[in-house]
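Asks: Sharing a structure here in structure tokens format.
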Amino acid sequence: VQLQASGGGLVQAGGSLRLSCAASGRTFSTYVVGWFRQAPGKEREFVAGISRGAPSTYYADSVKGRFTVSRGKDKNTVYLQMNSLKPEDTAVYYCAAAAYVLDVPRDVGRYDYWGQGTLVTVSS
């Protein structure tokens with residue numbers, strides 16, 4: 001499956017952005033999907049994830065209550081709605097898909113496919 005992340009940009013603190021992760025090649029709904037981010041000089045970290053089927057969602061503590069991950073009705077897109085953005089949310093955001101897992105991993109090594117990343121910059 002090929003992933004394409006989009007929707008990043010420059011926003012002021014307190015603003016909102018919606019990231020999209022579009023998949024092609026196979027039915028996206030059969031994959032667990034995670035959103036990760038990587039700030040300059042830091043390791044890539046888990047942000048949010050969504051299970052397959054009747055989806056459950058999971059969030060890093062730093063974004064809980066501000067970010068929402070969801071699947072599109074077309075079955076081949078996953079969204080990350082980001083509200084109340086803070087300067088510390090500035091990073092390149094990546095979506096990733098995992099085929100052979102039962103949970104929603106927070107470990108980058110457990111994902112099989114990655115998008116190219118989209119830059120989110122939050123100004124103070």
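The values are calculated or read from the model by the stated rules, or taken from the named source; none is laboratory data. Please read these numbers as outputs of a predicted model, since none were measured by experiment. Positions of Cβ are backbone-derived with ideal geometry, glycine not excepted, and every protein chain shown enters the neighbour counts. Only protein heavy atoms, including side chains, enter the accessible area calculation; ligands, DNA and RNA are left aside. Shrake-Rupley method; radii C 1.70, N 1.55, O 1.52, S 1.80 Å.
Asks: Only residues in region 82-94 that are more than 9 Å from Ala39 (Cα to Cα) and touching a residue at least 12 places away in the same chain (Cβ under 8 Å) count as the first member; pair them with residues that are part of a strand (DSSP E or B) and open to solvent by 60 Å² or more (accessible area, probe 1.4 Å), Cβ under 6 angstrom, at least 6 apart or cross-chain, and list the lot.
Replies: If the second residue must be part of a strand (DSSP E or B) and open to solvent by 60 Å² or more (accessible area, probe 1.4 Å), the pairs left are Tyr94/Trp114.
Asks: If you don't mind, another one. For Gly15, work out the one condition from (1) within 16 Å of Thr118 (Cα to Cα); (2) open to solvent by less than 50 Å² (accessible area, probe 1.4 Å); (3) over 11 Å from the mean Cα position of the chain (by Cα); (4) of a type outside the set (A, V, I, L, M) it doesn't fulfil.
Replies: Failing condition for Gly15: (1).
Asks: Given the conditions (1) open to solvent by 10 Å² or more (accessible area, probe 1.4 Å); (2) among the aliphatic types (A, V, I, L, M); (3) under 14 Å from Leu19 (Cβ atoms), report the number of the one that Leu80 does not fulfil.
Replies: The number of the failed condition is (1).
Asks: Would you confirm, using the coordinates I've provided, whether Ser20 is of a type outside the set (Asp, Glu) and under 15 Å from Trp114 (Cα atoms)?
Replies: yes
Asks: For residues that are in contact with a Phe, Trp or Tyr (Cβ under 8 Å, 6 or more places away or on another chain) and either among the acidic types (Asp, Glu) or under 19 Å from Thr90 (Cβ atoms) (or both), tally how many sit in region 22-54.
Replies: Result for region 22-54: 9.
Asks: Find the residue count for region 105-124, including only residues that are part of a strand (DSSP E or B) and either under 29 Å from Gly14 (Cβ atoms) or open to solvent by less than 50 Å² (accessible area, probe 1.4 Å) (or both).
Replies: 6
Asks: Take Lys64 and tell me if it is open to solvent by 60 Å² or more (accessible area, probe 1.4 Å), farther than 19 Å from Thr121 by Cβ and over 10 Å from the mean Cα position of the chain (by Cα).
Replies: yes
Asks: If I filter region 98-108 for residues that are of a type outside the set (Val, Ile, Thr) and closer than 14 Å to Leu3 by Cβ, do I get at least one hit?
Replies: yes
Asks: Determine whether Thr57 is at pLDDT below 95 and either among the hydrophobic types (A, V, I, L, M, F, W, C) or open to solvent by 20 Å² or more (accessible area, probe 1.4 Å) (or both).
Replies: No, not satisfied.
Asks: Do any strands (runs of 3 or more DSSP E) entirely within region 32-104 hold 3 or more residues that are of a type in the set (Ser, Thr, Tyr), and if so, which?
Replies: Here the list reads 57-59.
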